[in-house]
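Engineer: This structure is in structure tokens; I'll ask about it shortly.
The values are calculated or read from the model by the stated rules, or taken from the named source; none is laboratory data. Predicted model, so just to flag it, every value in this text is computed and none were measured. In this analysis, Cβ positions are derived from the backbone assuming ideal geometry, glycine residues included, and neighbour counts consider all displayed protein chains. With ligands, DNA and RNA removed, areas are computed over all heavy atoms of the protein, side chains included. Shrake-Rupley method; radii C 1.70, N 1.55, O 1.52, S 1.80 Å.
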Amino acid sequence: MSEEFEKVGAVSQRRYEQIVAELRSAAGLLTQAQFTIGDRALEIEPMGPCSEPVANTAWLVEESLTRLAKDIGLPVTTVEQARWTASRWPTDRRRKSESFTVHQVLARIDDDAERFASIDNLPDGKTHWTLDDARRRSDFQAEPPVPP
């Protein structure tokens, strides 16, 4: 069967590949936007021990991030997660070819060197990270469950 007659859903294989290319570009913009939110949240409230503000201000971290979230129309959890993820990935360690969600999942790897190396070491035979691959990679860091 020729490529022209192969379908993915309601579209030809060729159209599908065009859609994937377009959406990878859009996903790259989304990733950039999510890192920007995280970076600006870090600027307002740098990461400190136990979520305590670094600067001696009247605002608590939670209050600052809640205000920011309301002012930009996003859930506070979105801002908090973007802030944490950005704190785990310095700008020069981020990979434009990978989604923010993949960065977020791989951010669970505690060791900085291991985390930074992980994003560059694609799973065998893959051209980019999938969410499942990232979960598998980061979850091996978890402690095995302890029986009750």
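Engineer: Does region 105-123 hold any residues that are part of a loop (DSSP other than H, G, I, E, B) and open to solvent by less than 10 Å² (accessible area, probe 1.4 Å), and which are they?
Structural biologist: ALA107, ILE109
Engineer: Yes or no: LYS7 in contact with a helix residue (DSSP H, G or I) (Cβ under 9 Å, 6 or more places away or on another chain), modelled with pLDDT of 95 or more and farther than 30 Å from PHE116 by Cα?
Structural biologist: For LYS7, the condition - in contact with a helix residue (DSSP H, G or I) (Cβ under 9 Å, 6 or more places away or on another chain), modelled with pLDDT of 95 or more and farther than 30 Å from PHE116 by Cα - is not met.
Engineer: Also: Condition (residue is under 22 Å from THR130 (Cβ atoms), in contact (Cβ under 8 Å) with a residue 60 or more places away in the chain and assigned to a helix (DSSP H, G or I)) applied to region 90-102: is it met by at least one residue?
Structural biologist: There is at least one residue in region 90-102 that is under 22 Å from THR130 (Cβ atoms), in contact (Cβ under 8 Å) with a residue 60 or more places away in the chain and assigned to a helix (DSSP H, G or I).
Engineer: Now for a different question. Just give me the residues in region 62-89 being open to solvent by 30 Å² or more (accessible area, probe 1.4 Å), assigned to a helix (DSSP H, G or I) and either of a type in the set (Gly, Ala, Ser) or in contact (Cβ under 8 Å) with a residue 60 or more places away in the chain (or both), in sequence order.
Structural biologist: Scanning region 62-89 gives a single hit, SER87.
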